[in-house]
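Bear in mind these aren't lab numbers, they're just calculated from the coordinates by the rules spelled out. A quick note: this is a predicted structure, and the numbers were derived from the prediction, not measured. Note that we place each Cβ from the backbone using ideal geometry, even for glycine, and neighbour counts take in every protein chain shown.
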């Protein structure tokens, strides 16, 4: 099984995808005139504005849902893996894919807002929706939807739950070993998997708004707590920070592990962490209630900064400052070995060892707890994304109980992922991420040359912002944007309301 997974990843995560992700980010950064820098302050202000409605959630709730997908095991175990297989220089390429990817995140999230729909009382949208409405190629949209259901419903949840299981096992021990039909499994992992699945079932059967409410409170709390602990460790070793920066920068171009390894692992784990271009973030963006589509695009671009430049960097600094890592070479060799050879790089162990070394007795249980919240909320986000694509397919194929089957399948995949080996779980997750990234980024580039709707929306928003409009409006037809049915209807209704108000004034 591991051999098949590695073979597929070798094809999917070829250098072509690595450089496509970087090139797409650079291309959209130039097309938006580096919106991620120019409108940084606007991003922050929009983050705290916006209100939820009967059909949609607030901008902050949408950010929380998307962050719950972005801020996950990739921020703890993923960073460790990037360093363990790509060397310290991989961190630089994680930063690069985040900086450039913020522009990609703006594009895909704005498109999701422009082409969103109301489905069974709630907003739905994402790559499948905007691919169909812009290109007219429904087969490609269905292909993306199926790939997303496979990735988010079956392949990626196991990565998150696996890290929780490994962290809990490292903290409390394996317990009794139980002989099962799929091999010997520790009682600790079985108990952990059972608890995760029970809580998961309660929340996902409650719908998207329950997911949004849960994420709204949990995500900021867990991110803040983790950042405080990381900052304490960095402050206690502040004299080492300049050396760590030099190590990252020098290794990025002439790393011990080879430039290809640093770029490859940095981009792969960067995309897994911040999801820019992967096509997951737009689903939450479409669910937001905003005055103008560009507003949620800017909020989602800001979330990439929070994820990689803040949380991932904190993890990288903690690991590198404490030296709690190995760098794998070819075969069983190590280019750098600071910790035991049997500690898997594809696990939260490096981070746990690093924190434990500075805060004895606190590090292991704290990382296990943080990882539970990080990873659990990511699984919830995966479910919402998969459910949205089930809703998209349901418009064409009336499959009975499809949503119920998805919920059960995701819970089983989560249980299975918790108890399996880390390398297999991460390998399956990488297949899911790679498939979505290929389909979404190619789709985004095709869309650009078919009308540039997200660029038009940005220019329209900036013109209204420059005019100091108190209330923003969006008229897709005026901008030459077709098939944006929701916004066409909203603009028409708003005009009718304005005309009615004017008539009332005349009568008075």
(message) What do you get for the angle between helix 363-394 and the principal long axis of the chain? Use alpha-carbon atoms, 0 to 90 degrees, nearest ten.
(response) 40
(request) Would you kindly state how much longer the chain becomes between residue 473 and residue 38 on full extension, computed as 0.36 nm times their sequence separation minus their alpha carbon distance, in nm to one decimal? (result) 154.4 nm
(message) Quick check: the angle from helix 59-70's long axis to the longest principal axis of the chain, C-alpha only, nearest 10 degrees?
(response) 30
(message) On C-alpha positions alone, give me the angle between the axis of helix 15-31 and the longest principal axis of the chain, in degrees, nearest 10.
(response) 40
(request) Using a cut-off of under 15 Å, list every residue of the range 84-107 whose amide N is near the label point 7 Å from the Cα of residue 240 along the Cα-to-beta-carbon line. (result) 88
(message) Counting only helical runs of four or more DSSP H residues, what would the 222 nm mean residue ellipticity of the chain come to if each run contributes -39,500 (n - 2.57) and the total is spread over all its residues?
(response) -23000 deg cm²/dmol
(request) Specify the inter-centroid distance of the range 72-147 and the range 402-464, based on alpha-carbon positions, in whole Å. (result) 5
(message) So, R0 is 41 Å and r is the distance between the beta-carbons of residue 250 and residue 224; what FRET efficiency does that work out to, to 0.05?
(response) 0.80
(message) If each residue of separation counts as 0.36 nm, what is the full-extension length gain between residue 232 and residue 180 once their alpha-carbon separation is subtracted?
(response) 14.4 nm
(request) Just grab the label-to-label distance for residue 4 and residue 492, each label 7 Å out from Cα along the Cβ direction, in nm (one decimal). (result) 5.1
(message) What three numbers, in Å, describe the spread of the alpha carbons of the range 117-203 along their principal axes, ordered from the longest?
(response) 56, 27, 22
(request) In whole angstrom, note down how far apart the Cα centers of the range 347-399 and the range 11-48 are. (result) 24
(message) As an exercise, use a Förster radius of 56 Å and the Cβ-Cβ distance of residue 195 and residue 450 to find the FRET efficiency, rounded to the nearest 0.05.
(response) 0.75
(request) Assuming R0 = 35 Å, can you tell me the calculated FRET efficiency for the pair residue 466 and residue 146, based on Cβ-Cβ distance, to the nearest 0.05? (result) 0.25
(request) Could you calculate the contour length gain from residue 117 to residue 135, that is, 0.36 nm times the residue separation minus the distance between their Cα atoms, to one decimal place in nm? (result) 4.8 nm
